[in-house]
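**Q** Mind looking over this structure? Questions follow.
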Amino acid sequence: MMGDLFRDTFARDPAALLMAVSKGPQEPGTISGWLKGLFDMSGGEFWVLVAFILFVGFMVWKARKALVGGLDSRAARIKAEIDEAQRLREEAQALLGEYQKKQREALGEAEAMVKQAEEESKRLTVKAEADLAAAMKRREQQALDRIAQAEAQALAGVRNLAADLAVAATQKILVEKLDPAKAQSLVSDAIAELPRRLQ
C-alpha cells in the first residue's frame, strides 16, 4: 500500500522525488541516500555526474557538427550528382532528337533516291525501247536497201545476160538468114533504140 502511494505520487510529479530525497532521512545503501549523495555539490558523485553530462553534451555537440557536416556534404554531393544526371539526361535527349532528325532525313533521302532511281529506270527503259525500235527500223531499212540493191544487180545481170543472149541469137540468125544489107539496117535501128531501152 505504501509502495502504491509512493509510485502514484512520484509518477505524477518526478520533482517531488528529488524534494523528498533532499528532505528525507539519508540511509546509506538506499536510493534516497544515493540520490542525496549524487546531488550533493561537495561530494565526488556530483562532479562525476557534471563531468559526464558535460562530456556527453560535448560529444553530442561535436558529433552533431560532424554528422551535420557529413550530411551537408553528402547532400551537396547527391545534389551535384542529380544535377549531373539531369544534364546528361538533357544531353541524351538532345542527341536522341538529333539522331531521330538525321534518321528522318536519311529516310527521306533514301525514299528520294529510290524514287529517282525508279524514274531513271523508267526513262532508260523508254529510251532503250525507242533506241531498239530505231535500230530495228534502221536494220530493216538496210535489209530492204540491200534487197533492192541485190534485186537491181540481179535484174541488171539478167538484162545484161538477156541482151548478150539476144545479141548472140540475133547475130546467129542474121548470119544465117539475113543478107548483109538488111543486117546493116537492123544494126543501125538497134543502136538508135539502145538509149531509150536503157532508161
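**Q** Looking at the structure I just gave you, is residue 159 of a type in the set (Lys, Arg), closer than 30 Å to residue 194 by Cβ and in a helix (DSSP H, G or I)?
**A** Yes: the conditions hold for residue 159.
**Q** Against the definition (surrounded by 10 or more Cβ atoms within 10 Å (Cβ to Cβ), polar (S, T, N, Q) and modelled with pLDDT of 90 or more), how does residue 26 come out, yes or no?
**A** In short, no.
**Q** Right, here's the next one. Just to be sure, is residue 118 of a type in the set (D, E, K, R) and at pLDDT 90 or above?
**A** yes
The values are calculated or read from the model by the stated rules, or taken from the named source; none is laboratory data. Please read these numbers as outputs of a predicted model, since none were measured by experiment. As a convention, Cβ positions derive from the backbone with ideal geometry for all residues, glycine included, and neighbour counts pool all protein chains shown.
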